[in-house]
Amino acid sequence: MLEIIYQDDYLVAINKPHGLLVHQSPIARDASEFAIQLLRDQIGKKVYPVHRIDRKTSGILLFALDKEVNKNLTEQLTLKTVEKKYWAIVRGYTPDEQLIDYALYKDNGTLQEAQTIIKTLAKVEIDIPSGKHSTSRYSFVEAFPLTGRMHQIRKHMAHILHPIIGDRPHGCNKQNKIWLEKFEMNTMLLHAQKLVFTHPVSNEKVVLTARPQYEFMRAAGIIGFHIDEKKGISIGNT
């Protein structure tokens, strides 16, 4: 059963778990379940995905219940009036705030502009050896994609040498191996936490938030990041 975080006569939003595809894809033929079909069967209505998030990414996924509503929201995305916020746990100490302006290639070789703003919420160093280092450093960041390119946040974090933990193929092989062998975790620690848009019918501002999935919370706890949705992110349990 999918977690529905918002629903009215025109829209429905879910908190997508890690590992679930939005729809069928020729590059993931191993998958047998898809968010579109699961949600359609759950609510008994046809649904239209307004946007996409990666299979490995968890968090808010918005659907329209008719084509006109979907068109309106797609236009909002094109006009960049929709605010998206992601949470990620990454390797190393990230800058307090940074605009990553780094163009990315499409599969057909076309180069597209791409910008992401990141803000660091917390940093920690723990006793987990990594390579020649006796400890491992991690940062908890907010990421605000200003454009919507495939794997944008993942590629941008790798570009600034702070890859997302659990990311493959853009991540850190040493860290991914540590998390798999020591903690039996291969989940990518990227979560679509917030979505803000204008309702296509009422014209009211809609603010959606989604709590991270279990594996994200487990990893945060191992590292020492405490997630409080009201107080924010802190180190330890205070």
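Within the listed set ASN70, ASN186, ASN203, the residue fluctuating most in the Gaussian network model of the chain (springs between alpha-carbon atoms under 10 angstrom) is ASN203.
In this Cβ point-charge picture (+1 for Lys and Arg, -1 for Asp and Glu), the chain has a dipole of about 440 debye about its Cα centre. Of all aspartates and glutamates in the structure, those lying under 19 Å Cα to Cα from LYS205, and not within fewer than 8 positions of it along the same chain, are ASP8, ASP9, GLU68, GLU75, GLU83.
At a 10 angstrom cut-off on C-beta neighbours, averaged per residue, how do the peptides 33-40, 81-88, 117-124 rank from highest to lowest?
Values: 33-40: 16.4, 81-88: 19.9, 117-124: 18.0.
Final packing ranking: 81-88, 117-124, 33-40.
Using the Karplus relation 6.51 cos²θ - 1.76 cosθ + 1.60 with θ = phi - 60°, the per-residue 3J(HN,Hα) values for region 130-135 come to 9, x, 7, 9, 7, 9 Hz, with x marking Gly and Pro. Couplings 3J(HN,Hα) for region 180-194, derived from phi with the Karplus relation 6.51 cos²θ - 1.76 cosθ + 1.60 (θ = phi - 60°), are 6, 7, 7, 10, 6, 10, 10, 6, 7, 8, 10, 9, 7, 8, 8 Hz, where x marks Gly and Pro.
Only alpha carbons enter this Debye calculation for the chain, each as an equal point scatterer, and the log10 of I(q)/I(0) it gives at q = 0.07, 0.09, 0.12 Å⁻¹ is -0.23, -0.39, -0.70. The phi-based Karplus calculation (6.51 cos²θ - 1.76 cosθ + 1.60; θ = phi - 60°) puts the 3J(HN,Hα) values of region 208-219 at 10, 9, 9, 6, x, 6, 4, 5, 5, 5, 5, 5 Hz, whole numbers, x for Gly and Pro.
Compared with the dominant principal axis of the Cα atoms in the chain, helix 67-78 is inclined by about 40°. Separation of region 137-156 and region 163-228, taken as the distance between their Cα centroids, equals 11 angstrom.
Taking amide hydrogens as placed 1.01 Å from N in the peptide plane, the amide H of ILE5 sits under 5 Å from those of ALA13, ILE14, ASN15, each at least 5 positions away in sequence or on another chain.
All of the numbers you see were taken from the coordinates with simple rules; none came from a lab. Keep in mind it's a predicted model, so treat the numbers as computed, not measured. FYI the Cβ positions are ideal-geometry reconstructions off the backbone, even for glycines, and counts take in every protein chain you see.
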